[in-house]
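The values are calculated or read from the model by the stated rules, or taken from the named source; none is laboratory data. Fair warning: this is a prediction, and the values are worked out from it, not measured in the lab. Quick reminder, even Gly has a Cβ in these numbers, built from the backbone with ideal geometry, and neighbours come from all protein chains shown.
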Amino acid sequence: MTQQPRFQLTPEQYERLTMPLDTNRVGKNPKGFSHLEAWDVRRWLIRVFGFGSFDIETISLDLVKEIEHPARRRKDKKGTEYGDPYVPWTVVYRAQVRLTVYDQFGGKVVLEDGACGDSTNQPSLGDCHDNASKTALSQALKRCAVNLGDCFGLSLYNGGGAAPVVLRSLVAPEAEVSAAAAELPAEDAPVRPEPGTEPAPVDEQHHEPPAAPNERPVADPPAAEPRPAPTANGVRDWTLHPDRTASGIRQAATKLLAEHPAVAAARITNEHGDDEQLSVLMDRRAKELEPKAAQPTEYEERRRKRMFALLGDLGYREPEQYRDVLGKVLQRSVESSRDLTAADVEDVIAALVQRKRQLAGQGAPA
């Protein structure tokens with residue numbers, strides 16, 4: 001019998017899975033518990049493991065309860081009834097889900113878990129069943145994925161925080177971590193709830209607001225071990241990698257100065273073989289990676305000279321006068337003529353030519 005290959009991670013996957021959870025991905029349910037959205041979990045399964053590299057199987061989906069409440073009319077905040085009578089429904093489902101994740105070497109990991117989901121105060125029985133079943137399946141999927149670590153919400157069990165609790169594993173890829181993981185976004189925009197999962201409006205005279213089921217915080221979780229301080233040479237090598245961006249290095253430098261000032265102040269051997277302070281190297285490297293401003297063409301230089309010649313002809317020769325005239329023509333504050341685009345220069349030239357004609361009292365071109 002052929003033995004199943006052990007599930008393995010690439011260095012890039014290992015690096016990503018041991019990073020802290022981005023707080024923009026964390027939401028709050030009506031009870032105040034921190035949680036991730038199911039669609040965001042699917043997104044990160046694709047990002048980390050690849051398209052088609054995981055299977056989500058519904059082992060069971062069972063109706064637990066279907067409750068028909070007495071018909072009623074809605075009430076406003078003052079208690080005044082309005083609208084036609086409706087029959088509100090409450091439905092509860094229980095789901096068992098299996099998540100299978102495949103690696104790039106023929107191995108796989110199988111994760112199973114279950115959850116309940118409910119939908120309350122719904123006037124449509126069909127919508128109530130749909131919302132409750134989807135909630136149960138989504139919650140079960142998230143509970144499966146949480147076994148993949150902080151990136152999938154494990155740290156939220158530690159009092160709802162995003163601080164990492166895994167940090168590292170003794171079973172890690174032997175190869176050196178590459179820069180590929182950095183190509184994934186370090187942070188996402190705040191994650192919004194999936195459509196249809198937000199609490200439905202309720203009649204405050206009869207119902208409590210519906211509470212979407214969520215992972216319960218684990219009681220007395222073990223304290224997370226502190227992440228080891230980075231080494232100065234390790235940060236140097238990361239900084240000098242060709243795939244880094246100026247903004248990424250600046251953010252890393254700011255974090256390093258705040259959390260590890262001694263490392264930021266350490267002197268290292270730079271890429272030229274010279275002795276240099278790490279924070280200075282990072283600042284220099286960020287400046288080197290900044291996009292260079294496009295140099296004006298020969299034609300654009302001639303047009304700028306034409307603009308300044310017209311300013312001189314009209315008696316404007318001081319920098320303060322230049323800024324005042326340019327600001328009036330372009331209808332915005334201008335700190336320097338270097339900030340002008342080629343289109344701005346043409347607008348200024350046209351306005352100055354027109355002004356020169358007016359002063360000369362003739363219609364011939366200036």
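Scan segment 45-54 and tell me whether some residue there is assigned to a strand (DSSP E or B), touching a Ser or Thr at 6+ places or on another chain (Cβ under 9 Å) and at pLDDT 90 or above. Scanning segment 45-54 turns up at least one residue that is assigned to a strand (DSSP E or B), touching a Ser or Thr at 6+ places or on another chain (Cβ under 9 Å) and at pLDDT 90 or above.
Counting only helices (runs of 4 or more DSSP H) that sit wholly inside segment 272-357, those with at least 1 residues that are among the acidic types (Asp, Glu) and closer than 30 Å to LEU256 by Cα are 278-289.
Checked against (1) assigned by TED's automatic domain parsing to the domain that holds SER336; (2) touching a strand residue (DSSP E or B) at 6+ places or on another chain (Cβ under 6 Å), ARG267 meets all criteria but (1). Out of the residues in segment 242-261 meeting the condition of being without any contact (Cβ under 8 Å) to a residue 60 or more places away in the chain and outside any helix (DSSP H, G or I), tell me which one is surrounded by the fewest Cβ atoms within 10 Å (Cβ to Cβ). For segment 242-261, the residue satisfying everything is PRO242.
Annotation note: Cβ proximity below 6 Å between a residue of segment 352-366 that is in the same structural domain as PHE308 (by TED's automatic domain parsing) and a residue that is at pLDDT 90 or above and among the aliphatic types (A, V, I, L, M) (sequence gap 6+ or interchain) occurs for LEU352/LEU310. For segment 321-342, the condition of being touching a residue at least 12 places away in the same chain (Cβ under 8 Å), within 43 Å of the chain's Cα centre (by Cα) and loosely packed, with under 10 Cβ neighbours inside 10 Å holds for at least one residue. Considering segment 70-92, the residues that are among the acidic types (Asp, Glu) and in a strand (DSSP E or B) include one that is surrounded by the most Cβ atoms within 10 Å (Cβ to Cβ), namely GLU81. Condition check for VAL97 on (1) buried (at least 16 other Cβ atoms within 10 Å of the Cβ); (2) at pLDDT 90 or above; (3) within 30 Å of HIS69 (Cα to Cα): one failure, at (3).
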